[in-house]
Amino acid sequence: MKQAARKFVIHIFIFLLGWMGPLLLWAQPKDSVKVEKKPLHWRLTARLHSQAIFNYGGRLATENPSFDINFAIEKNNWGFFLFKGMDLYDHNTFYNFSLIAVYRNIKLSNKLTFTPYVGSFLEQEQGVADHGSDAVIILITTAKLHPKLSFEHMTLFGNLILVPEERDWVNRFRFSYTNHHWDVVSTAWWNNNAIDHSSYWTSGLSVAYSRIKAREHLFLSVGLSGLWMMHTSDTEANPYKNALLLTVSAQLLK
């Protein structure tokens, strides 16, 4: 137990040193930054997949066709986010869940943004909130490396209150390239075993032809995504499962 606790503290220290330190260096005094008031805007996205990848964890969620919808609304850098995923064939698989969260966009510089989310994952294999539903914290740091290229790091802490024996810590590293209608996203996930019973590494690549204007404020997209499980310490909890899936989506913006 002492060794596990020491290992957990070391991981927390590395995380704080690696991310919070640079964030503090980038942060500017409030009296030197103009507060920019932004209008209310929202987006609604619906996607249909031939299979489903759990994008927060980097795992194959179901081999069945699936559907998800997400809604986000923002004003003055505050936002509300709702995500609902559904397995179209089997309502007892992992992809039947919801994520509800509030977030805040904190602009640290012209090229660096920090966005913390606080909310809850709701497991919905049987009902609205099955066993395993719990609080979650998501921390996203986004760096604009080039007008067409950005890097994002996400840290997710799951099962924080109600199911502490299943606490989870996932890191996601993502490079995104956007050029006109093309979106290319390269992703790596690392689920470490600092507070979990197992660990794994996965990688993914997504290529999409996006922002096809169907009508005013409505845009369509079609893309291919691949997932490769490179390493896992527990093949029962996180088996070696790779995936190649097709996604079509529609997004309404205002």
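The values are calculated or read from the model by the stated rules, or taken from the named source; none is laboratory data. Note that the structure is predicted; figures quoted are calculated from it, not measured. Note: ideal-geometry Cβ built from the backbone for every residue, glycine included; neighbour counts use all protein chains shown.
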Would you please name the residue that is modelled with the highest pLDDT, looking only at residues in region 120-131 that are touching a Leu at 6+ places or on another chain (Cβ under 8 Å) and of a type in the set (Gly, Ala, Ser)? Ser120
Going through Leu218, Leu227, Leu244, Leu252 one at a time, which residue ends up being modelled with pLDDT of 95 or more, touching a Ser or Thr at 6+ places or on another chain (Cβ under 7 Å) and of a type in the set (A, V, I, L, M, F, W, C)? Leu227
Outside any loop (DSSP other than H, G, I, E, B) and exposed (fewer than 14 other Cβ atoms within 10 Å of the Cβ): which single residue out of Leu244, Leu252 fits that description? Leu244
Given the conditions (1) under 19 Å from Arg172 (Cβ atoms); (2) crowded, with 17+ Cβ neighbours inside 10 Å, which single one is not true for Pro116? (2)
Out of region 58-103, which residues are of a type outside the set (Val, Ile, Thr), outside any strand (DSSP E or B) and surrounded by fewer than 19 Cβ atoms within 10 Å (Cβ to Cβ)? Glu63, Asn64, Pro65, Asn76, Asn77, Leu88, Tyr89, Asp90, His91, Asn92, Phe94
Residue, surrounded by the fewest Cβ atoms within 10 Å (Cβ to Cβ), within region 195-209, restricted to residues that are of a type in the set (Val, Ile, Thr) and assigned to a strand (DSSP E or B): Val207
